[in-house]
Amino acid sequence: MYEHGNEYIGTVFVLPETRCFELKTTVHGAPAIVHGTISQQLAARFADGAPDAIDPRQVAAQPRRVEVMTREIHERHRAPRKVYCLTRLFDFETQAQADPAPALA
């Protein structure tokens, strides 16, 4: 098994209830669709009660820069396959850090 992370720019569609995603992007100049699961840490940010909650409808509003972990699985007597996991949404990380914390008086 071999695992590595890739950054992509494209339109991301997220289904937080099932922890699935679909990414429409280009790979080596050709259009491609990458689909897989969402990491636990990112899925927790889609929850309604999270302090830095992300609205899944806003994710697909414009192209985003994301990080996807690619795991290449090599099994005996089977063709190699790739499994994808969405781990980061870069645009929403900068927004969460830019928001000032409320001051306590």
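The values are calculated or read from the model by the stated rules, or taken from the named source; none is laboratory data. What you are looking at is a predicted structure, and each value in this text was computed from that prediction instead of being measured. With ideal geometry, Cβ positions are generated from the backbone for all residues, glycine too; neighbour counts draw on all protein chains shown. Surface areas here come from the heavy atoms of the whole protein model, side chains and all, with no ligands, DNA or RNA. Shrake-Rupley method; radii C 1.70, N 1.55, O 1.52, S 1.80 Å.
Counting trypsin sites (Lys or Arg not before Pro) as exposed when in a DSSP loop with at most 11 other beta carbons within 10 Å, what is the longest stretch of the chain free of them?
Numbers: sites that count: Arg76, Arg78.
Result, exposed sites excluded: 1-75.
Residue order by solvent-accessible surface for Tyr2, Tyr8 is Tyr2, Tyr8, largest first, with ligands and nucleic acids left out and a 1.4 Å probe.
The Cβ shell under 10 Å around Ala43 holds other residues with a net charge of +1, Lys and Arg each +1, Asp and Glu each -1.
Per the 1.4 Å probe, what fraction of the accessible area of the chain, in percent, lies on carbon and sulfur atoms? Kindly include the intermediate steps, with their values, before the conclusion.
Values: 3880 of 7400 Å².
The nonpolar share, carbon plus sulfur, comes to 52 percent.
Each Cα pair of the chain feeds into the Kirkwood radius, which the Stokes-Einstein equation turns, at 10 °C and 1.306 mPa s, into a diffusion coefficient of 105 µm²/s. Entry note, the chain: the mean residue ellipticity at 222 nm calculated from DSSP H runs of n ≥ 4, each adding -39500 (n - 2.57), is -4000 deg cm²/dmol after division by the residues and rounding to the nearest 500. Computed from the Kirkwood radius of its Cα pairs, the Stokes-Einstein diffusion coefficient for region 17-56 at 37 °C and 0.692 mPa s stands at 283 µm²/s. Please give the per residue accessible area of the chain, computed with a probe of 1.4 Å over protein heavy atoms only, in Å². Per residue, the chain has 70 Å² of solvent-accessible surface. Couplings for region 19-36, taken from phi via the Karplus curve 6.51 cos²θ - 1.76 cosθ + 1.60 with θ = phi - 60°, read 6, 10, 9, 9, 10, 9, 8, 10, 10, 6, x, 9, x, 9, 10, 10, 9, x Hz in order; Gly and Pro are left as x.
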